[in-house]
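Here the structure comes first, spelled out in structure tokens, and everything after it is commentary.
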Amino acid sequence: MSDSQALAPDSEGADSEIRDPDAQNGLHPEALLPLAPALTTRIMAGPKAEKTVSLALQGGGAHGAFTWGVLDALIEDGRLGFEAITGASAGAMNGVVMVDGWLEDGPDGARRALETFWREVSLDGDFWPAQRKVFSGLFDLWKDNPVLAFWNRALNGSPYLANPLNFNPLRKALAAQVNFERLRKAETAAIYVSATNVWTGKLALFEREILEVDHLMASACLPTVFQAVEIDGVPHWDGGYLGNPPLYPLHRGAHTRDIVLVQINPVERRETPRSPQEIQDRLNEITFNANLMRELRAIDFLDNLIAEGVLGQGDYKPLYVHRIDGTGALDDYQASSRLDARWRVFQNLRDKGRIAAQTWLSENYEGIGRTCTLDLQATYQ
């Protein structure tokens, strides 16, 4: 099997383990909802892959470099194959860049693509001086600078006034790097990108087969910084408001029942915010975790019904949720630092993500395919 081989699961099998390279098609379509017909997704698996998981990648601006480090370590380890990826904002971008790099040159290509992307979107990347100045200025809007804060209030925080040209450096980097036509046509892992429909207030979900750069721009559109992104004439904002990341697409969108959640927004902070910036930071963290907490609660509720025999074992299977998070590693990073695009900050976050993933693998790898290594009740209660 080549490093970039994509394997198609079918409906005959027992769990998420890949027992040997010739048996990787024997995967069970186990999911929380009743078993669905055979899917058309493929598994991205290197030559050492033993088990298959889906990835759920949170958004968080520059903090997504932590997720880059997590993905880099998981790919380097090689024991996991990836069947589906769901993500919001920076999480969605990480997922798309990873899959596109894998299509280009297997696991090594995925790792190179992630590093290239984060270098390009850094302030030290390939931006013109004027672009670098604008992006740096957008970051400064989050800081406790009284002069900038005054003008921010005077402009009502509207990007239509503060950023009238609607400059977004991420668009250039993604458009230049990702081969979206190849991505849409490829037989590879499923991708689900979330955004918020401004008109309806509902979650919008975009699948790999239709993805263009605008879908990723919509998923990462902070409405206080960037103008709404129109998809088919409908304005969209950041997907993190309603799905950060959305887990429900993985119920039917993947055969594996193992979900590895990469969570970069802290759930708990044992301190009381007092300054206006601290209060806003904490509100952002709570807001961008709220819907994820609801989905975890729902998964736990249904898993309990399955365990108690209320839902038939023949038609319903529990989900095994695992989590790699920034607890400890990201404690010193406030929500406002999500727009800190300095390369050395990205490198530091990447390194923290790699360590977190390596630690998680050493402690939880054996539980994949067997149990939920994340205590769901302790997470959402």
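Structure notes:
- Between ASP340 and ALA62, the built amide H atoms are under 5 Å apart, and every one of these is 5 or more places off in sequence or on another chain.
- Remark: the ILE286-GLU271 segment gains 4.0 nm on full extension, using 0.36 nm per residue and subtracting the alpha carbon distance.
- Shape of segment 161-216, Cα gyration tensor, a/c cut at 1.5: oblate
- Entries of LYS48/LYS172; LYS172/LYS317; LYS317/LYS352; LYS51/LYS172; LYS172/LYS352; LYS202/LYS317 with Cα pairs more than 32 Å apart: LYS48/LYS172; LYS172/LYS317; LYS317/LYS352; LYS51/LYS172
- Distance (nanometres) between label positions extended 7 Å along Cα→Cβ at ARG344 and ALA298: 4.4
- Under the combined filter of DSSP loop state and at most 15 neighbouring Cβ atoms within 10 Å, segment 173-227 retains these trypsin sites (Lys or Arg not before Pro): LYS202.
- Cα gyration tensor, segment 39-126 - rounded (a/c under 1.5), prolate or oblate: prolate
- For the peptides 262-273, 188-199, the ranking by packing is 188-199, 262-273, with the highest mean count of neighbouring Cβ atoms within 10 Å listed first.
- For THR373, the residues 5 or more places off, or on other chains, whose built amide H falls under 5 Å of its own are VAL321.
- 3J(HN,Hα) couplings calculated from phi for segment 317-327 with the Karplus curve 6.51 cos²θ - 1.76 cosθ + 1.60 (θ = phi - 60°) are, in sequence order, 10, x, 9, 9, 9, 10, 9, 10, 10, x, 4 Hz; Gly and Pro show x.
- Shape category assigned to segment 78-117 from the gyration tensor of Cα positions, a/c cut at 1.5: oblate
- Phi-based couplings in Hz for segment 357-372 (Karplus 6.51, -1.76, 1.60; Gly and Pro marked x): 5, 5, 5, 4, 4, 5, 9, 10, 4, 5, x, 5, x, 10, 7, 8
- Residues with amide H under 5 Å from that of ASP258, placed H, sequence gap 5 or more: SER54, TYR320
- For SER54, SER362, the ranking by accessible surface with the largest value first comes to SER362, SER54, using a 1.4 Å probe.
- Extension gain for VAL234-ASP108 works out to 41.6 nm (0.36 nm per residue, less the C-alpha to C-alpha distance).
- In order along segment 261-271, phi translates into HN-Hα couplings of 8, 9, 10, 10, 9, x, 7, 10, 9, 8, 7 Hz, rounded to whole numbers, per the Karplus curve 6.51 cos²θ - 1.76 cosθ + 1.60 with θ = phi - 60° and x for Gly and Pro.
The values are calculated or read from the model by the stated rules, or taken from the named source; none is laboratory data. Quick caveat: nothing in here was measured; it's all calculated off a predicted structure. All Cβ positions, glycine included, derive from the backbone under ideal geometry; neighbour counts span all protein chains shown. Accessible surface is based on the protein model in full, side chains and every heavy atom, while ligands, DNA and RNA are left aside. Shrake-Rupley method; radii C 1.70, N 1.55, O 1.52, S 1.80 Å.
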